[in-house]
Amino acid sequence: MCIFIILQYVIFVKYILYFSAAYDILSMEGAPMKLVITKNKNESVNFSVRTTKEVLDRFDELSKLTNRTRNELVNMALQFSLEHMEIKDD
């Protein structure tokens, strides 16, 4: 049981090290290594959007297919739309 817990911890630490860009490993002579997680430099804000059930269902389906959160997908769609938007005068 103890080996299983240690193995889970090692896997968790490796996951953090390989898949997170917000870390630094500090190792000083004689001191234990520490995982230092820095704050996310991208300031995020909350806002709500009303949408149809169909749009929400499509994002939920995409979320399952891509293993990404609905929030990630909505942000990707918003960013793409802003970069490819064209405003026409009447």
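The values are calculated or read from the model by the stated rules, or taken from the named source; none is laboratory data. The shown structure was predicted, so the numbers you read here are calculated from the model rather than taken from an experiment. Reconstructed Cβ throughout: ideal geometry from the backbone, glycine too, with neighbour counts over all protein chains shown.
Could you tell me whether any residue of segment 29-49 is among the hydroxyl-bearing types (Ser, Thr, Tyr), surrounded by 10 or more Cβ atoms within 10 Å (Cβ to Cβ) and either modelled with pLDDT of 90 or more or part of a helix (DSSP H, G or I) (or both)?
Scanning segment 29-49, I find no residue that is among the hydroxyl-bearing types (Ser, Thr, Tyr), surrounded by 10 or more Cβ atoms within 10 Å (Cβ to Cβ) and either modelled with pLDDT of 90 or more or part of a helix (DSSP H, G or I) (or both), so the answer is no.
So, in segment 66-90, exactly how many residues are exposed (fewer than 10 other Cβ atoms within 10 Å of the Cβ) and in a helix (DSSP H, G or I)?
Initial filter on segment 66-90 (exposed (fewer than 10 other Cβ atoms within 10 Å of the Cβ)): 67, 81-90.
Narrowing the set further to residues that are in a helix (DSSP H, G or I) leaves 81-83.
Here the count works out to 3.
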